[in-house]
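One structure is given below, encoded as structure tokens.
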Amino acid sequence: MEDFFRSVERFVNDKIKPHINEWDEAGAFPIELYRQAGELGLLGLGYPEEYGGFECTLAERLRLSNLICEAGSGGLLAGLFSHNIGLPPLLNHGSEELVGKLAPGILKGELISALAITEPTGGSDVANLKTTADLVMVDGKPHYKVNGEKVFITSGVRADWLTTAVRTASHSEAPGAKGISVLMIPGNAKGVQRTHLKKTGWWMSDTASIYFEDVLVPAENLVGKEGKGFRIIMENFNTERLMLAGGSVCFAKVCLKEALDWAQNRQTFGKRLLDHQVIAHKLADMRMKIRATEAWFDETVAKIDRGEISQELVADICLLKNQATTTLQHCANEAVQILGGMGFMRGSSAERIYREVKVMCIGGGAEEIMKDLAVRQLSW
Ligand SMILES: Cc1cc2nc3c(=O)[nH]c(=O)nc-3n(C[C@H](O)[C@H](O)[C@H](O)COP(=O)(O)OP(=O)(O)OC[C@H]3O[C@@H](n4cnc5c(N)ncnc54)[C@H](O)[C@@H]3O)c2cc1C
């Protein structure tokens, strides 16, 4: 593991860090990066060896993903690792044949995977999604005919496979959560139309609007049973939220490091910025919030690695996501303030992370929804 850790460190230092600003300005990182990360084994972390993965504890997986975070770009993390939300539903619930067909290519970085749940009419209220998938016969074989629209989908334009939440039964037959299923839809299927969306941050991550017009998908691409999609999606959210929390802690640390370096070197009124008590206290507050969040995060990860899964833990993951994103919000704000005008200029990590904060608070379940869900899990 230590050798692998060092090879990932080299990969981040040589192939990623020097290019972060250029990729963000260009609005994309090179597509070859998927294959390079796949060859290194980065995309397979935590996945079964039979599909080309590399099994490890959650703690080890997060330690490695922290190395990527040190490059200071949430957009890279979201885009390069979009399979971390697109693949698990397939892996945990798909047929052996479908998993065998898609998982190895995804883990090698040859196929790009995205998760398509959110719709223009709402992302928080997943049970009310509107995209339909009606069972029809084509050349004597069962297919789903998909119609609808998804929005804000990470890696949506580039994706070879869209793990898509659809409504397989009409509202009258199965309203709400009961009518939802998950389908694997090829990104290049006839009737799929994809458009790039412009955003406040995560510039290098491809975010798409996706239209489905009479898209025919073989019925064997169904993941799990019809009508069981809501549970599959909810189960997937736990890992996504934990990853977002871990990323937020790491990006907060990047902000602290950059602000501290600046404060140690910048002189105002005849002394270092750090020697002004107000600035030193800002840095101390950043560290205090990071250390507290990190301790809770490590405790939660250790519980998961010990298999101590409970409703209380699910509630904690929701609240931890909020704690981590609040910490990130504070640290990004203070780092930009300490950097002064330079913090408002493109090129610094603090400036980029400041633009990326809000998506961490909204994506994967917004703050308000996290609190609601935590309260329900705790049965208060
Ligand atoms: C850059 C980016 C990338 C994304 N990537 C993906 C992706 O890969 N796949 C995917 O499926 N989705 C993705 N999303 C979508 C994301 O998960 C949703 O934006 C999020 O779930 C919120 O949904 P919404 O935007 O529709 O907001 P809404 O659901 O309309 O909510 C708007 C606001 O109202 C609040 N709110 C809603 N209901 C309540 C309530 N009952 N009580 C109190 N407050 C409430 C919410 O918390 C939120 O603050 C991405 C979003 C962004 C911005």
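Just so it is clear, none of the values below were taken in a lab; they were calculated from the coordinates. These numbers were taken from a predicted model, which means no experiment stands behind them. Cβ coordinates were reconstructed from backbone atoms using ideal geometry, including for glycine residues, and neighbour counts include every protein chain displayed.
How high is the relative contact order of the range 85-146, given as a whole-number percent (alpha carbon pairs under 8 Å, six or more residues apart)?
Result for the range 85-146 is 20 percent.
Residues of the range 117-160 with amide nitrogen under 12 Å from the 7 Å Cα-to-Cβ point of Tyr211?
Hits in the range 117-160 for Tyr211 at 12 Å: 148-150.
Going through the cross-link list Lys150/Lys225; Lys257/Lys371; Lys199/Lys282; Lys190/Lys228, which pairs have a Cα-Cα distance over 24 Å in this structure?
Those over the limit are Lys257/Lys371; Lys199/Lys282; Lys190/Lys228.
If packing is taken as the average number of other Cβ atoms within 10 Å across a peptide's residues, how do 355-364, 369-378, 244-253 rank, most packed first?
244-253, 355-364, 369-378
Once you put a point 7 Å from the Cα of Asn147 and another 7 Å from the Cα of Ala26, both along the Cβ direction, what distance in nm separates them?
Taking the simple label geometry, Asn147 and Ala26 are separated by 4.1 nm.
Please rank Leu111, Leu40, Leu90, fewest neighbouring Cβ atoms within 10 Å first, as an exposure proxy.
The order, fewest Cβ neighbours first, is Leu40, Leu111, Leu90.
Could you please rank Tyr47, Tyr211, placing first whichever residue has the fewest other Cβ atoms within 10 Å of its Cβ?
Tyr211, Tyr47
Only counting other Cβ atoms within 10 Å, I'd like Arg231, Arg6 sorted with the fewest neighbours first.
Neighbour counts put them in this order, fewest first: Arg6, Arg231.
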